[in-house]
Amino acid sequence: MRRPFIAGNWKMHCGPSQARDLALAIRNGVLGSPDVVDVLVCPPFVSLAAAAEILAGSTVQLGAQNVFWEEKGAWTGEVAAAMLLDSGCQWVLAGHSERRQFFGETDETVAKRLHAALAAGLKVIVCVGETLEEREADQTAAVVTRQVRGAVGALSMQDWNSVSLAYEPVWAIGTGRVATPEQAQEVHHLIRDLIGEMASQATQEAVRILYGGSVKPGNAAELLSKADVDGALVGGASLQAADFLGIIAAASGS
Ligand code: PGA
């Protein structure tokens, strides 16, 4: 059985003071509930230290939203993996569709970020997903296959222990238009099959695949009931503690 994994991607919301408040509400919200779900929050870079302070000693884990692949140097505006570890992160996202769409992220750069993060000792959620145009042109399987192979095609067996995937159809992100549980399951199954081909059967069975795109407390249970949907990467609904805790509660029952 894979342990459910609920991750909040705060995107460009919550400076340090707001991040403290939100982290505190989440920390207190999970306190005392059975420890059956992995919970992660990913604030913006500038709020990592503030959130880390609040989350120290709690079961809620901390992640960043992006990482650069060089270790240090003249890379104005970039943040290295070791810096994220030093700020209290255990996790980082790689290849979020907003990075791909608006900041020129490619399969190649996603792979570079992933390998640098793993080498430094971070765990990584690799994000993939098709656009509406690609879905309507029947390209979903081809696009997701290319993205998965491009990012995680060259991982060692050991690396796989530190990697989760997130399937986030771009047309469902921030739009309120959630994929049906069947649509999600179909792509999650495809991704799991690919992992079997690239790695091993044990890895295929162990790797967690999260769904992302307009996940809310009201639709989480149904999505998570699908065999290959192991968790959720939550944007908008992770900014209200009550909503995020509602999704965690739905995962506790799955
Ligand atoms: P959303 O974002 O939940 O606001 O749709 C999900 C994501 O981009 O990770």
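The values are calculated or read from the model by the stated rules, or taken from the named source; none is laboratory data. Owing to the predicted nature of the structure, the values given are computational and were not obtained by experimental measurement. All Cβ positions, glycine included, derive from the backbone under ideal geometry; neighbour counts span all protein chains shown. Accessible surface areas use protein heavy atoms only, side chains included; no ligands, DNA or RNA. Shrake-Rupley method; radii C 1.70, N 1.55, O 1.52, S 1.80 Å.
Starting from residues that are more than 14 Å from the chain's Cα centre (by Cα) and modelled with pLDDT under 95, keep the ones in segment 173-197 and report whichever is nearest to Lys11 (Cα to Cα). Among them, the one singled out is Gly174. Answer with yes or no whether Gln185 is of a type outside the set (A, V, I, L, M, F, W, C), open to solvent by less than 50 Å² (accessible area, probe 1.4 Å), over 23 Å from Ala94 (Cβ atoms) and in a helix (DSSP H, G or I). It is true that Gln185 is of a type outside the set (A, V, I, L, M, F, W, C), open to solvent by less than 50 Å² (accessible area, probe 1.4 Å), over 23 Å from Ala94 (Cβ atoms) and in a helix (DSSP H, G or I). Of all the listed residues (Ala52, Ala56), the sole one being farther than 28 Å from Gly253 by Cβ and either of a type in the set (Phe, Trp, Tyr) or open to solvent by 40 Å² or more (accessible area, probe 1.4 Å) (or both) is Ala56.
For Ile195, the criteria (1) open to solvent by less than 10 Å² (accessible area, probe 1.4 Å); (2) within 16 Å of the ligand (Cβ to nearest atom); (3) part of a helix (DSSP H, G or I) hold in every case but one, which is (2).
For segment 211-222, filtered to residues that are near the ligand (Cβ under 9 Å from one of its atoms) and open to solvent by less than 10 Å² (accessible area, probe 1.4 Å), the residue that is farthest from Arg192 (Cα to Cα) is Val215. In the set (1) open to solvent by less than 30 Å² (accessible area, probe 1.4 Å); (2) among the small types (Gly, Ala, Ser); (3) free of Cβ contacts under 8 Å to residues at least 60 places away in the same chain, the condition left unmet by Ser200 is number (1).
Looking only at residues of segment 54-96 that are within 16 Å of Trp10 (Cβ to Cβ) and in a helix (DSSP H, G or I), we find that the one that is farthest from the chain's Cα centre (by Cα) is Ile54.
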